[in-house]
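Student: Before I ask anything, here is the structure I am working with.
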Amino acid sequence: MTALRRMAAAGLALAAMLPGPAWAAGVPGEALSLAWGIPFVGILMSIALMPLVAGHLWHHHYGKIAALWAALFLLPFAAVFGAGAAWYEFAHVMVLEYVPFIALLLALYTAGGGVLLKGSLVGTPTVNTALLAIGTILASLMGTTGAAMLLIRPVLRANAFRTRKTHTFVFFIFLVANIGGSLTPVGDPPLYLGFLRGVSFFWPTTHLFAPFAVAAVILLAVYWVLDTLAWNREKPVAPVVAKEAVGLEGWLNVWLVVAIVGVVIGMGYVKLGSMNVLGQAMEVERVLGVLLFLAITGISVAFTSNALREANGFAWGAILEVAKLFAAIFICMAPVLAILQAGSQGAAAGLVALTSGPDGAPLPWVYFWMSGALSSFLDNAPTYIVFFELAGGDPAMLMTQGALTLAAISCGAVFMGANSYIGNAPNFMVKAIVEENGVRMPSFFAYCGWALLFLVPLFVLITLIFFRAG
């Protein structure tokens, strides 16, 4: 790599941890029509349909196809608004959104993949339900990505002897990769964004606990029934394994995960000013955070034995797939979020108007479903910010008299990120790891069907219990 390329790579690494409130500062959202969302729809349809209708082409060239959709947004954008505006959009997404996103995921993926959960675990319905419950709790302590990476391979090993097990990994995504991250800003990126904007650290713990508990208990109970029925129908012969106490190997990586959580928390409290990177202003503490994530990744790679990673079934394919696809997703969804953020002045004004009643008061149930529906197909972190700003953007007000609205936005973004593979990054990562291990996962639309069957009725119930006010 030339010195110039190294400088460019270093510049990209110096990125903010998470997005700021303006998504298309170069071109106001008011100036964009809904047609600019076509590339985003295109990449979604490619992810959904191409594995079914052109599987060989997709699996060998998905990175190129994703890049094509990104180009189909950037090149027309440059033609209409100028090369400078297109560069601004690209730099904004890459520097402020994508690099921080993938740096955190890479650190959690690498460190989590270096922790081996040992023990004679056999995937009976009771053991599987216990593993999902543990993962659901851990998700708020170490993030949905960290908890998913820690437990997905032990769950795979525990169920290796079973033939009916797809439902286990679907519910794993529901619970561990999404709903489990509801209780702290560390749990899921949307809540961390709220933390950075002034929402107190334990506000989600106190205000989201009841919806979290209802969702988690119901889903765990439904899963246990499903897995029991599958077990009884399959009548698997459990393998005879030597009794081994449950324990952890790879404690260095456990502490590295703790360090990642510490960095995330620290970036919400430490304020060191701002700096300019490729024309984008970002806080110095976020720059340092990204560099620390990269350093933690390097330490994990250097000091974790190959034997441990092999025993854990660790491979780089899943994170590479996420890195390629989400780079294009972030680029293509930028104009969609900008249009939403334009509010009543944008092309989605009719949609935005639905968030308030005739008297101008916010409708919590509408915020829950709108933030949730968009989080199902847009990344749930920036979607949270769009509705946070639509609700006023004042954390002091939203934590008090606006608490029900903020809880609705938070639950919608976190819970309904489970509705599709691309609603939250760990979803796609879990899918890729499971498929790497030879287990068939539902297609994009089939997975959405699972969500429609099991999650949507649950969310209707949560609406009736918690958010029907207004």
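Student: Sort out which residues of the range 81-119 are of a type outside the set (Lys, Arg) and not in a helix (DSSP H, G or I), and write them in order of number.
Tutor: Matches in the range 81-119: Gly82, Gly113, Gly114, Val115, Leu116, Leu117, Gly119.
Student: Could you please find all residues in the range 367-380 being crowded, with 19+ Cβ neighbours inside 10 Å and over 17 Å from Leu208 (Cα atoms)?
Tutor: Met370, Leu374, Ser375, Ser376, Phe377, Leu378, Asp379
Student: Of the numbered conditions (1) surrounded by 14 or more Cβ atoms within 10 Å (Cβ to Cβ); (2) in contact (Cβ under 8 Å) with a residue 40 or more places away in the chain; (3) in contact with a helix residue (DSSP H, G or I) (Cβ under 7 Å, 6 or more places away or on another chain), Glu283 satisfies every one except a single condition; which is it?
Tutor: Going through (1) surrounded by 14 or more Cβ atoms within 10 Å (Cβ to Cβ); (2) in contact (Cβ under 8 Å) with a residue 40 or more places away in the chain; (3) in contact with a helix residue (DSSP H, G or I) (Cβ under 7 Å, 6 or more places away or on another chain) one by one, Glu283 breaks only (3).
Student: Which residue, of Ala213, Ala158, Ala148, is aliphatic (A, V, I, L, M) and modelled with pLDDT of 95 or more?
Tutor: Going through Ala213, Ala158, Ala148 in turn, just one is aliphatic (A, V, I, L, M) and modelled with pLDDT of 95 or more: Ala213.
Student: Right, next: Can you name the number of the only condition in (1) without any contact (Cβ under 8 Å) to a residue 60 or more places away in the chain; (2) in contact with a Ser or Thr (Cβ under 7 Å, 6 or more places away or on another chain); (3) crowded, with 24+ Cβ neighbours inside 10 Å that Ser420 fails?
Tutor: So Ser420 meets the others, but not (3).
Student: Consider Leu320 carefully, then state whether it is hydrophobic (A, V, I, L, M, F, W, C), surrounded by fewer than 19 Cβ atoms within 10 Å (Cβ to Cβ), touching a helix residue (DSSP H, G or I) at 6+ places or on another chain (Cβ under 9 Å) and assigned to a helix (DSSP H, G or I).
Tutor: yes
Student: Gly55 passes all but one of (1) modelled with pLDDT under 90; (2) over 30 Å from Met267 (Cα atoms); (3) touching a helix residue (DSSP H, G or I) at 6+ places or on another chain (Cβ under 7 Å); which number fails?
Tutor: Answer for Gly55: the failing condition is (3).
Student: Quick test for you: out of Gly266, Gly262, pick the one residue that is out of contact with any Ser or Thr (no Cβ under 8 Å at 6 or more places or on another chain), assigned to a helix (DSSP H, G or I) and touching a residue at least 12 places away in the same chain (Cβ under 8 Å).
Tutor: Gly266
Student: Given the options Val199, Val186, name the one that is in contact (Cβ under 8 Å) with a residue 60 or more places away in the chain and more than 17 Å from Pro426 (Cα to Cα). Before the answer, list the steps.
Tutor: Numbers: Val186 fails: more than 17 Å from Pro426 (Cα to Cα).
The match here is Val199.
Student: For the range 133-188, enumerate the residues that are part of a helix (DSSP H, G or I), open to solvent by 10 Å² or more (accessible area, probe 1.4 Å) and either of a type in the set (Lys, Arg) or touching a Lys or Arg at 6+ places or on another chain (Cβ under 6 Å) (or both).
Tutor: Within the range 133-188, Arg157 is the sole residue that qualifies.
Student: Continuing with this model, one more query. Only residues in the range 340-364 that are modelled with pLDDT of 80 or more count as the first member; pair them with residues that are polar (S, T, N, Q), Cβ under 6 angstrom, at least 6 apart or cross-chain, and list the lot.
Tutor: Filtered contacts from the range 340-364: Ala347/Ser33; Pro362/Ser356; Pro362/Thr405; Pro364/Thr405.
Student: Continuing with this model, one more query. Regarding Met267, is this residue touching a strand residue (DSSP E or B) at 6+ places or on another chain (Cβ under 7 Å) and either under 25 Å from Ala413 (Cα atoms) or polar (S, T, N, Q) (or both)? Before the answer, list the steps.
Tutor: Details: touching a strand residue (DSSP E or B) at 6+ places or on another chain (Cβ under 7 Å): no; either under 25 Å from Ala413 (Cα atoms) or polar (S, T, N, Q) (or both): yes.
Against the criterion (touching a strand residue (DSSP E or B) at 6+ places or on another chain (Cβ under 7 Å) and either under 25 Å from Ala413 (Cα atoms) or polar (S, T, N, Q) (or both)), Met267 does not qualify.
Student: Same structure, new question: Which residue pairs have Cβ atoms closer than 6 Å, lie 6 or more positions apart in sequence or on different chains, and pair a first residue in the range 365-380 that is touching a residue at least 24 places away in the same chain (Cβ under 8 Å) and over 23 Å from Met45 (Cβ atoms) with a second residue that is surrounded by fewer than 24 Cβ atoms within 10 Å (Cβ to Cβ) and among the basic types (Lys, Arg)?
Tutor: These pairs meet every condition: Trp365/Arg468.
Student: Look through Thr228, Thr206 and report the one residue that is assigned to a helix (DSSP H, G or I), open to solvent by less than 50 Å² (accessible area, probe 1.4 Å) and polar (S, T, N, Q).
Tutor: Going through Thr228, Thr206 in turn, the sole match is Thr228.
Student: In addition: Does Thr400 satisfy the criteria of being open to solvent by less than 10 Å² (accessible area, probe 1.4 Å), among the polar types (S, T, N, Q) and either at pLDDT below 90 or assigned to a loop (DSSP other than H, G, I, E, B) (or both)? Steps first, please.
Tutor: Details: open to solvent by less than 10 Å² (accessible area, probe 1.4 Å): no; among the polar types (S, T, N, Q): yes; either at pLDDT below 90 or assigned to a loop (DSSP other than H, G, I, E, B) (or both): yes.
No.
Student: Hey, can you tell me all the residues within the range 376-412 that are small (Gly, Ala, Ser) and closer than 14 Å to Val456 by Cα?
Tutor: Ser376, Gly412
Student: Can you pull out the residues in the range 389-405 that are without any contact (Cβ under 8 Å) to a residue 60 or more places away in the chain, among the small types (Gly, Ala, Ser) and in contact with a helix residue (DSSP H, G or I) (Cβ under 8 Å, 6 or more places away or on another chain)?
Tutor: Narrowing the range 389-405 to residues without any contact (Cβ under 8 Å) to a residue 60 or more places away in the chain: 390-392, 394, 397, 400-402, 405.
Checking which are among the small types (Gly, Ala, Ser) leaves us with 391-392, 402.
Of everything in the range 389-405, those that are without any contact (Cβ under 8 Å) to a residue 60 or more places away in the chain, among the small types (Gly, Ala, Ser) and in contact with a helix residue (DSSP H, G or I) (Cβ under 8 Å, 6 or more places away or on another chain) turn out to be Ala391, Gly392.
Student: Based on this model, can you work out whether Gly82 counts as of a type outside the set (Val, Ile, Thr), farther than 15 Å from Ala328 by Cβ and over 19 Å from the mean Cα position of the chain (by Cα)?
Tutor: Yes: the conditions hold for Gly82.
Student: Something else: Across the range 226-285, what is the total count of residues that are over 30 Å from Phe90 (Cβ atoms) and of a type in the set (A, V, I, L, M, F, W, C)?
Tutor: 22
Student: For the condition β-branched (Val, Ile, Thr) and modelled with pLDDT under 90, what is the one hit in Ile134, Ile38, Ile65, Ile102?
Tutor: Ile102
Student: To continue, here is another question. Can you tell me which of (1) of a type in the set (A, V, I, L, M, F, W, C); (2) under 21 Å from Ala103 (Cβ atoms); (3) touching an Asp or Glu at 6+ places or on another chain (Cβ under 9 Å); (4) not in a loop (DSSP other than H, G, I, E, B) is the one Leu272 doesn't meet?
Tutor: (4)
Student: Could you tell me which of the residues Val199, Val122 is buried (at least 21 other Cβ atoms within 10 Å of the Cβ) and assigned to a loop (DSSP other than H, G, I, E, B)?
Tutor: Testing whether each residue is buried (at least 21 other Cβ atoms within 10 Å of the Cβ) and assigned to a loop (DSSP other than H, G, I, E, B) leaves just Val199.
The values are calculated or read from the model by the stated rules, or taken from the named source; none is laboratory data. Because the structure is predicted, anything quoted here is derived from the model rather than measured. Cβ sites come from the backbone with ideal geometry, for glycine too, and all protein chains shown count toward neighbours. Note: areas computed on protein heavy atoms with side chains; ligands, DNA, RNA excluded. Shrake-Rupley method; radii C 1.70, N 1.55, O 1.52, S 1.80 Å.
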